[in-house]
Amino acid sequence: MMARRTLPTRALLACGAVAGPVYVTVAMAQALTRDGFDLTRHRFTALTAGDLGWVHKSNMLLVGMLTVLFAVGAARVLRTGQGAVWGPRLLGLFGVAYVIGGALTADPVAGFPPGAASEMVQTTWQGAAQNASRGASTFLLIATSVVIARQFATTGRRGSAWFYGLYGAAVPVAFAALIAVNSAVGNYPYAIAVVFLVTPWIWVTILAVHLYGRESALRGGVPAFMATRGAPVG
């Protein structure tokens, strides 16, 4: 019975480890190859528009579902301490936000899809709902990082608490910097766009690898010291 439970848990945690690399790779491949898309002006969700919009929709749906599965695995590993319940739940809701975004189509923006002019840009319910889901995903991951950090702190892993909580503190600062840069130069800088694509998924991937190591060590699958790889443990 223990073996049957161990394998599904590891598989669920592995979903979290692969979700980020898949999402970033597919999104960047589209951003750099689709005609009209400009990283200095367009958000990544705009990739759901146009004839090839199904590619990014599928990407969002896939990683959203992988993240929900990862949240189920995280709930099995984080069994005790404050945040053991709501940490995985918030992580699951973060995944659901991506699923919702992937089920919707972005509104055309100036220049994308090719041929879209400024006067053609209008807001539809799908575009508004998708933007709301993406904003919600950001706040949900911030909340997840705070709750997960608290869970590690209450179980004596203070190094991990600081490591995972840093994301929750850094994102508001980064948003403020983005607003300042946007006001100064009038567009969405390439470097910041890539950072906002990659950073959340680095956090998710490291957490997944960390929990996978802990679960493997508890079940005797790997030496105990491997449980701490991927993140500092206090």
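The values are calculated or read from the model by the stated rules, or taken from the named source; none is laboratory data. Just so we're clear, the structure is a prediction, and the values are computed from it rather than from any experiment. Here the Cβ is made from the backbone with ideal geometry for all residues, glycine too, and neighbour counts use every protein chain on show. In case anyone asks, the SASA skips ligands and DNA or RNA and just uses the protein heavy atoms, side chains included. Shrake-Rupley method; radii C 1.70, N 1.55, O 1.52, S 1.80 Å.
Quick notes on this one:
- Protein heavy-atom surface of the range 1-135, 1.4 angstrom probe: 67% of the accessible area is carbon and sulfur, with nucleic acids and ligands not counted.
- Computed extension gain for D35 through A103, at 0.36 nm per residue and net of the alpha carbon distance, reaches 22.2 nm.
- Rounded FRET efficiency, nearest 0.05, which uses the C-beta distance separating A132 from Q82 and R0 of 35 Å: 0.75
- Label-point separation, V198 to A170 (7 Å along Cα→Cβ), nm: 1.1
- Accessible heavy-atom area order of R158, R219, highest first, probe of 1.4 Å: R158, R219
- Size of electric dipole in the range 28-117: Cβ of Lys, Arg +1 and of Asp, Glu -1, about Cα centre, debye, nearest 20: 460
- Surface listing: D51, D38, D107 arranged by accessible area from highest to lowest gives D51, D38, D107, probe 1.4 Å.
- Computed Kirkwood radius, in angstrom, where 1/r is averaged over Cα pairs of the range 44-87: 12.3
- Label point distance in nm, M28-A110, each placed 7 Å from Cα along Cα→Cβ: 2.9
- Simple label model, 7 Å out from Cα along Cβ direction - L218 to A11, nm: 1.9
- By the Stokes-Einstein formula, at 1.002 mPa s and 20 °C, the range 85-169 with its Kirkwood radius over alpha-carbon pairs has D equal to 146 µm²/s.
- Convex hull volume per residue, computed on the Cα atoms of the range 34-183, equals 111 Å³.
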